[in-house]
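To keep things clear, I will list the structure first and then write my remarks on it.
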Amino acid sequence: MPLDPEKLSQYQKAALKQLDENNDPRIAAFFKRCIEENNPVLAPALHTEDYFYRAPRTRDLVAVDIGCIGVPMDVSAPYRGGAKFGPRKIREWSKNHGPIHDRWNTIPFDLCSVADIGDVEFSRPHDTRQTVEDIFNKFCELYDADVNPLSIGGVHTISHPILKALGQKEPLGLIHIDAHADTMTGLMQGEELSDGAVFLNAVLDQGIDPERTIQIGIRGRATPFWQFSHDSGMRVITMDDFDELGLQKVLEEVRKIIGDGPCYISMDCDGIDSTYLPGTQLPEPFGLTSREVRSLIRGLRGLDIVGADIVELCPLVDVQDMSSNLTAALGFELLCLLAESRERRIGKSRKTYW
């Protein structure tokens, strides 16, 4: 039996209404702007260049509010190499995420001027100390230009010089998702500047306030090495703690510790259970699920977030790019948080133009 003509007419009107202003004026206006500017946001992925989330590519920081930047550092990795290829792979997969948040309808490109500002260039890429110095100098440029960074690593060592640069005015609060607390005292494999001592070094260089730091998902055989976290006043939530407390209680802890001050989010890929994200430098089982991490990130909405990073993706050991795709998806969640936070802090929006 054919459909009732009235119902068919309703369906046809609904199809035509899909991008109409009556649905969501912001989305309709954004799509219209995409067409008018002939920008690549809605183009098929195969037809666009590999820029983070299809943002325009520029090195002119004056025109940028949020800078998506690659930090392809491999030196100081204690286990698997290959994290230097993380930025390249996330650029590729990020084209499949966004430009509109699927729950909040947040459009970061309407809130802020977002750009792919390239990669940090290293003068001596096999020299740990010089590489760390190069990262610090680059992020001092971003800090001076009032650019909020979304950084894609690279080994976790990158977070220390980033935080040192961004915390120049005052130490930042830190929300750290990871299997490892990265506060090891002493040398790791002969390195003082390593991904095992990231946040110890960030505290000593006054990039973060340990009493406004919360570390989530900690587990594994290295757990006895993180005593500095406890001694300095960091809140350490192990995976056992997470399971016992539950997501909402953990988020309450985050807000209690971070407060209203500026904060930074650092997500190590090994914070996610290796079943979901095997393509990382040091995979750890019994971790957070991909949905738990997404819910955790979404639960940070409303905080004063001034920067974020994703580190330790190792494309060379990824399985059919599943880790790269997941990491890129979580990166878009962070981009939306950064855009909302920036607009709220500045009190006005500035659109992205291609």
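Please arrange TRP93, TRP104 by how many other C-beta atoms lie within 10 Å of their C-beta, fewest to most. Before the final figure, lay out each step's value.
Numbers: TRP93 22, TRP104 13.
Ascending number of Cβ neighbours within 10 Å: TRP104, TRP93.
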Handout entry: Most positive-pole-ward Cα, PRO25, SER232, PRO315, against dipole of the chain from beta carbon charges
Key = PRO25
Exercise for the section: Mind checking the full-extension length gain between ALA29 and SER349? Use 0.36 nm per residue of separation minus the Cα-Cα distance, one decimal, nm. Expected result: 113.7 nm
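222 nm [θ] for the chain, helices only, -39500 (n - 2.57) per DSSP H run of 4+, per residue, to 500? Present the calculation step by step, with values, prior to reporting the outcome.
Details: 12 runs with 129 residues, N = 354.
Counting only the DSSP helices, I get -11000 deg cm²/dmol.
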Problem - Contour excess over end-to-end distance, with Cα ends at SER295 and SER123 and 0.36 nm allotted per residue - result: 58.0 nm
Fill in the blank from the handout: For the stretch 158-263 the trypsin sites (Lys or Arg not before Pro) that pass both the DSSP coil test and the at-most-11 other-Cβ-within-10 Å test are LYS169, ARG221
Handout entry: Kyte-Doolittle at least 0.0, axis length at least 15 Å by Cα - qualifying DSSP helices, the chain
Key = 247-258, 322-346
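Is there a pair in LYS32/LYS138; LYS84/LYS249; LYS169/LYS351; LYS84/LYS256; LYS138/LYS348 whose C-alpha atoms are over 32 Å apart, and which pairs would that be?
Working: LYS32/LYS138 36 Å; LYS84/LYS249 36 Å; LYS169/LYS351 27 Å; LYS84/LYS256 35 Å; LYS138/LYS348 26 Å.
The answer is LYS32/LYS138; LYS84/LYS249; LYS84/LYS256.
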Fill in the blank from the handout: The distance between the Cα centres of the stretch 85-130 and the stretch 245-293, in whole Å, is 20
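Which ordering of THR289, THR183 is given by a fewest-first count of other beta-carbon atoms within 10 Å? Spell out each step's value before the answer.
Numbers: THR289 13, THR183 27.
Arranged by neighbour count, lowest to highest, THR289, THR183 become THR289, THR183.
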Practice task
For a footprinting-style exposure proxy, rank SER349, SER9, SER274 by other Cβ within 10 Å, fewest first.
Solution key: SER9, SER349, SER274
Practice task
Please go through the stretch 28-78 and write out the GluC sites (Glu not before Pro) that DSSP classes as loop and that have at most 12 other C-beta atoms within 10 Å.
Solution key: GLU49
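Which GluC sites (Glu not before Pro) in the stretch 172-271 sit in a loop by DSSP (not H, G, I, E or B) and have at most 15 other Cβ atoms within 10 Å of their own Cβ?
Working: sites: GLU191, GLU192, GLU211, GLU244, GLU252, GLU253; in loops: GLU192.
The qualifying sites are GLU192.
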Problem - q = 0.11 Å⁻¹: log10 I(q)/I(0) that the Debye formula gives for the chain, counting C-alpha atoms only - result: -0.69
Handout entry: Relative contact order (%) - criterion: Cα under 8 Å, at least six apart; region: the chain
Key = 21
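Every number in this text was worked out from the coordinates using simple rules, so none of it is lab data. Please read these numbers as outputs of a predicted model, since none were measured by experiment. For neighbour counting, all protein chains shown are included, and Cβ atoms are generated from backbone atoms with ideal geometry for every residue, glycine included.
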